[in-house]
Amino acid sequence: MDARRYAPATSRNREPILAGLTRVLPRRGTVLEVASGTGEHAAWFASRLPELVWQPSDLDPQALQSIEAWRAAEGAPNLRSPILLDAATPPWPVEEPPAAIFSANMIHISPWAATLGLLAEAGRVLLSGGQLVLYGPFMVEGRHTAPSNEDFDRSLRDRDPRWGVRDREVIVALALEHGLELRECVSMPANNLTLIFARSPHGDPAQS
């Protein structure tokens, strides 16, 4: 049985996300993807960024099966087997400090504790100068950027009161507390944003 799962939005957003990743990610190193979901992004990005090692992860056992199935189907040699990772629970099970961390569409479909853990652990495990790249819908200065995002936020909170579209300024402030400085905010299709942070050069986590 094919365990691969599919997310319709992936085929629509992967090209613009890849364009941004290609521009900001280091030429070499390990990219830790937090909340890889179906694994479609991991398989697609890894095959197009062959100099980078792509480490997918997720908390959901079914997602882990789907990621591994995509890995087997695509066969990219730089795509590692997924690891079980709960963003809200430190310490993360990473074997080496990643050069970058990427997370798409997790922050709004998870409890707030997952965002807090993501920022704290990214500030701890990233290599000095490494990037944290976040993709998804965000409010800006407490306001939704489009009526469709407001409707989406309402539907998320109806499904789970712990979910919801987060405010960019709150994320930026919390990230700074963990040594992550916002370098860019890029407008994306479908009223999404890509937030690009860099870890302040105050020491290598492997040395701390």
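What is the magnitude of the charge dipole of segment 8-201 about its Cα centre, with +1 placed on the Cβ of each Lys and Arg, -1 on the Cβ of each Asp and Glu, and no other charges, expressed in debye to the nearest 20?
With Lys and Arg at +1 and Asp and Glu at -1, about 360 debye.
How long, wide and thick is segment 1-117, going by the Cα atoms along their three principal axes, in whole angstroms, largest first?
Dimensions of segment 1-117 along the principal axes of its Cα atoms: 36, 32, 27 Å.
Working from the alpha-carbon coordinates of segment 61-194, get Rg over Rh, Rh being the Kirkwood radius.
Expressed as Rg/Rh, it is 0.98.
For labels at ARG27 and SER200 in the simple 7 Å Cα→Cβ model, what's the distance in nm?
Here the modelled spin labels are 2.9 nm apart.
At 0.36 nm per residue, and after removing the present C-alpha to C-alpha distance, how many nm does the segment from ARG48 to ALA72 gain when stretched out fully?
7.0 nm
Where in segment 40-96 are there trypsin sites (Lys or Arg not before Pro) that are in a DSSP coil and have at most 12 other Cβ atoms within 10 angstrom of their Cβ?
none
Work out the FRET efficiency for GLU184 and MET1 from their Cβ-Cβ distance, taking R0 = 45 Å, and round it to the nearest 0.05.
Taking R0 as 45 Å, the efficiency between GLU184 and MET1 is 0.60.
Using the count of nearby Cβ atoms within 10 Å as a rough guide to exposure, how do LEU118, LEU85 rank from fewest to most?
LEU85, LEU118
Per 0.36 nm of contour for each residue apart, how much would the distance between ARG162 and ARG143 grow if the chain were fully extended, relative to their Cα-Cα spacing?
So the extension gain works out to 5.0 nm.
Just so you know, all these numbers are worked out from the coordinates, no wet-lab data involved. All values derive from a computational prediction rather than experimental measurement. Neighbour counts are summed over all protein chains in view; Cβ atoms, including those assigned to glycine, are modelled from backbone coordinates with ideal geometry.
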